[in-house]
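Data block below; observations after.
The values are calculated or read from the model by the stated rules, or taken from the named source; none is laboratory data. This structure is a prediction, so every number in the text was calculated from the model and none was measured. All Cβ positions, glycine included, derive from the backbone under ideal geometry; neighbour counts span all protein chains shown. With ligands, DNA and RNA removed, areas are computed over all heavy atoms of the protein, side chains included. Shrake-Rupley method; radii C 1.70, N 1.55, O 1.52, S 1.80 Å.
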Amino acid sequence: VSGKLHLGHVYSYSHADFVARFWRMNGYNVFYPMGFDDNGLPTERLVERTLGINVQDIGRSAFIKKCLEMSEEAEKDYRELWTRLGLSIDWRYSYRTIDDQSRRLAQFSFIDLLHKDLAYRKKAPAIWCPECQTAIAQAELDDLDRESMFFTLTFVLDNGQTLPIATTRPELLPACVAVFIHPQDRRYQALVGCVARVPIFGHEVPVLADPGADPEKGTGAVMCCTFGDSADVEWWYTHQLPLVEAIARDGRMTQAAGPFQDSSSGEARQQIVQKADELGQLLEAQPIIQSVRVHERCDTPVEYIITNQWFIRVLDFKEACLAAGEQIA
């Protein structure tokens, strides 16, 4: 439940009805219910857009009430359209994902997994939308091209040499925990094992080798921050690096950013670039077109932050799932 239905919905739901009718005409007893998915972010966004409110303004209980009211009205329109279309749905078995039975079944299923030691909880990086204030799945990401800047900054090595590193996200400098170079990059091979001092913030990080570093991108040396993207997450796991959380859930800088605390990430980017320029640590600023991962619901660039998460041991059943897939094929 996220808005008005359109011709695409009519087209796709007709397919299911063709199948139901075919098997019914062949003498089978077909179970054909209709459910409404109104327990999720799309419904929340619909309420926010339509009523101009959000949960932070009116509180959780009042917001849930508005979601229920709006989804009930939307579902009446949906049902009227499906009826006019002639879908052979058995309306006696309609349900909503927000209703008590659906939630009870979901909770029971989860508790069952927990008791079987198939669910566990730990802190881990999650894809986070600062606008919607929620973790999101990879399936909810879009790529958005935008004009950006590639800033080349000066890192100073422990032997006094300078190491130029280009980045589009200088606001993550306080969360820099390592510098990576490709192990076959002859320009930097001798630097592996050295220590580099981060511009402005002054803390020292190791120079490490990893095949994930792209010698053709920027200067060939790349800073690893916790976290700028999925590559940072992978390096953090692989090389057991420290964790510095510089961006909070609301997209603002944390205490780790020092004088830039409480600035939005965009504001901090400008402030840090200006400070680096004043200190003579900004070598170049080059305009580029950058592909950014954004939340499909609001086009807000996502962040990777540490949160408490639940995990399901799906890979324990990998062989059984593959075998079941082969049977279907």
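Roughly how much of ILE64 is accessible, in Å² to the nearest 10, using a 1.4 Å probe?
Approximately 70 Å² for this residue.
Apply the Kirkwood formula to the range 177-216: the hydrodynamic radius equals the inverse of the mean of 1/r over all pairs of different alpha-carbon atoms; give it in Å with one decimal.
About 10.4 Å for the range 177-216.
In straight Cα distance, which lysines are under 26 Å from LYS76, not counting same-chain residues fewer than 8 positions off?
In chain and number order, the partners are LYS4, LYS65, LYS66.
Divide by every residue of the chain the summed helix terms, -39500 (n - 2.57) for each DSSP H run of at least 4, and state the resulting mean residue ellipticity at 222 nm, rounded to the nearest 500 deg cm²/dmol.
Theoretical 222 nm ellipticity from helices: -11000 deg cm²/dmol.
Could you order the peptides 35-41, 7-13 from most to least packed, using the average number of other C-beta atoms within 10 Å per residue?
So the order, starting with the most tightly packed, is 35-41, 7-13.
So, how do all the Cα-to-Cα distances of the chain break down into 20 Å bins, in percent, from 0 on up?
23, 45, 27, 5, 0
List the cysteines in the chain whose Cβ has no other cysteine Cβ under 4.7 Å from it.
CYS67, CYS176, CYS194, CYS224, CYS225, CYS298, CYS321 - these cysteines have no disulfide-compatible partner (Cβ-Cβ under 4.7 Å) in the chain.
Mind running the shape call on the range 1-130? Use the C-alpha gyration tensor, a ≥ b ≥ c as the square roots of the eigenvalues: rounded below 1.5 for a/c, prolate if a/b tops b/c, oblate otherwise.
In terms of gyration-tensor shape, oblate.
With just the Cα atoms defining each centre, how far is the range 130-184 from the range 98-127? Give it in Å.
Their Cα centres are 34 Å away from one another.
How large a share of the accessible area of the range 166-316, in percent, is made up of carbon and sulfur atoms when the probe is 1.4 Å and the other protein chains stay in place?
46 percent
Go through GLN161, PHE108, TYR188 and say which Cα lies farthest out towards the positive end of the charge dipole of the range 75-192; charges sit on Cβ, +1 for Lys and Arg, -1 for Asp and Glu.
Looking along the dipole axis, the top candidate is PHE108.
Can you list, largest first and rounded to whole Å, the semi-axes you get for the range 54-94 by taking the square root of 5 times each eigenvalue of its Cα gyration tensor? Show your work: numbers first, answer last.
Values: eigenvalues 187, 20, 6 Å².
Ellipsoid semi-axes (Å, largest first): 31, 10, 5.
Using a 1.4 Å probe on the protein heavy atoms only, what accessible surface does CYS224 show? Give it in Å² to the nearest 10.
0 Å²
Mind checking the per residue accessible area of the range 138-264 for me, 1.4 Å probe, whole number of Å²? Kindly include the intermediate steps, with their values, before the conclusion.
On the way: 6160 Å² over 127 residues.
It amounts to 48 Å² per residue over the range 138-264.
Find the Rg to Rh ratio for the range 1-48, where Rh is the Kirkwood radius over alpha-carbon pairs and Rg uses the same atoms.
1.14
How big is the range 128-267 on each of its three principal axes, counting only the C-alpha atoms and giving the largest first in Å?
45, 34, 31
Straight-line reach only, C-alpha to C-alpha below 20 angstrom: list the lysines that LYS116 could link to, leaving out same-chain residues fewer than 8 apart.
LYS318
What percentage of the solvent-accessible surface of the range 1-147, computed with a 1.4 Å probe over protein heavy atoms, is contributed by carbon and sulfur atoms?
Ligands and nucleic acids excluded, carbon and sulfur give 52 percent.
Hey, got the dipole for the range 1-156? About the Cα centre, +1 on K and R Cβ, -1 on D and E Cβ, debye to the nearest 20?
Its charge dipole is roughly 500 debye.
Express in % the proportion of alpha carbon pairs of the range 69-190 at distances exceeding 23 Å.
Value for the range 69-190: 68 percent of Cα pairs lie more than 23 Å apart.
Using all Cα-Cα distances in the range 152-196, what percent lands in each 10 angstrom bin from 0 up to the longest?
24, 58, 19
Indicate the helices, whole DSSP H runs only, in the chain that combine a mean Kyte-Doolittle hydropathy of -1.0 or more with a Cα extent along their long axis of 30 angstrom or more.
Once both thresholds are applied, what remains is 60-85.
What whole-number volume per residue, in cubic angstrom, does the convex hull of the C-alpha atoms of the range 192-307 give? List each step's numbers first, then the result.
Working: hull volume 16.4 nm³, N = 116.
Spread over its residues, the Cα hull of the range 192-307 gives 141 Å³ apiece.
What fraction of the DSSP beta bridges in the chain is antiparallel, stated in percent and rounded to the nearest 5?
90 percent
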